[in-house]
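What follows is one structure encoded as structure tokens, with my remarks underneath.
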Amino acid sequence: MPNSHAKRYKSSIKPTLSGVFQKLIGKRTPLPAVRDQIRQRLHFDAADFSVIYAIGDIHGCYSKLLEAKRKIFEDFSRCTGTALIVMLGDYVDRGPSSMDVIEHLCKSTPANIKQVTLCGNHDDAFLRLLEEPDLFPSWYRFAGSETLKSYGIDVAYLLKHGSNGAIERAINDAVPDHHRKLLAEMPSMVTVGDIVFVHAGIRPGIALSEQRNRDLFWIREPFLSRGPELPLLVVHGHTPVAQPFFGNGRIAIDTGAFATGRLTVLRIMNRQAVVLR
């Protein structure tokens, strides 16, 4: 049973959700249905890493990302072996420093630390804008201006005073190729043994090989209520919670960093999951 499976991951954190965070869901107009383009799905054995760290949705909070990395490096300095850091996606939008976050994610990590940057729905949407500039009106209603502002683009000014194509030219000039490459190469899922890391969740009861990207990036219900309904544990972000939620075969760690200032880091070691303080 998925629930009994999840109990092997011990925690002192109580599963608490807050209705306040519902205000952060569906706040802006969604984009049209995501295309199911091919993205990598990475698989590792449980023995490949001595410890795994997962970081919740960053959303342009660069200083919080650096703080989370410092926590991880300090914690891992007391461990041996190899560590895996899994970023759960949504690096852009809402917060003030999306460009700095993406630039940081492009940098290499120490030899004994592997980092995986999963794709979130906001990252996928930003890549779609870069590849299909005609999506700008719907993308802008969904994402807002924060990401482009972080790249030095004044959207309001260009909409008022720019000629046709001004925004497209500004984006093409401002977003470097290595940022585009990172966004295009982000995997949609990583599994380590019987632990699944994904941005939003999975379709309950459906084999991992049959999961669609649109669900991995966007799903809330029925996943939040039912869990994976598979013999595995899913670690995810996407749906903001007041504090990390442990239950029904899943651990949710998006604590709304852009709104609350809390960017959660989860550590899994020896089949125990704890939140780094």
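Residues of segment 65-86 with backbone nitrogen within less than 14 Å of a virtual label 7 Å along the Cα-to-Cβ line of residue 109, please, listed as ranges. Residues 66, 68-77, 81-86 qualify, since their backbone N sits under 14 Å from the label point. Taking a sphere under 13 Å around the Cβ of residue 223 and counting the other residues whose Cβ falls inside, with K and R at +1 and D and E at -1, yields a net charge of +3. DSSP beta bridges confined to the chain are antiparallel in about 40 percent of cases. I need the trypsin sites (Lys or Arg not before Pro) found in segment 103-211, filtered to DSSP loop residues with at most 16 other beta carbons within 10 Å of theirs. When the trypsin sites (Lys or Arg not before Pro) of segment 103-211 are filtered for loop state and at most 16 Cβ neighbours within 10 Å, 107 remain. Cα convex hull of segment 212-270: mean projected area in nm², to one decimal? Its average projected convex-hull area is 4.8 nm².
Could you give me D for segment 146-229, from Stokes-Einstein at 20 °C and 1.002 mPa s, where the hydrodynamic radius is the Kirkwood radius over C-alpha pairs? Units µm² s⁻¹, please.
Values: Rh = 15.9 Å.
Stokes-Einstein gives a translational diffusion coefficient of 135 µm²/s.
Computed with the Debye formula from one identical point scatterer per Cα of segment 121-269, without solvent, the log10 of I(q)/I(0) at q = 0.19 Å⁻¹ comes to -1.15. For the chain, the Kirkwood estimate of the hydrodynamic radius, built from every pair of different alpha carbons, is 19.0 Å.
For the chain: lysine pairs with Cα atoms under 17 Å, gap of 8 or more or different chains, count? It would help to have the intermediate numbers written out before the result.
Numbers: 64/107; 69/107; 69/114; 71/114; 107/181; 149/160.
The result is 6.
Computed over all pairs of different Cα atoms, the Kirkwood value for the hydrodynamic radius of segment 68-150 is 14.4 Å.
No value in this document is a laboratory result; all are computed from the given coordinates. Everything numeric here is computed off the predicted structure, so don't read it as measured data. Neighbour counts are summed over all protein chains in view; Cβ atoms, including those assigned to glycine, are modelled from backbone coordinates with ideal geometry.
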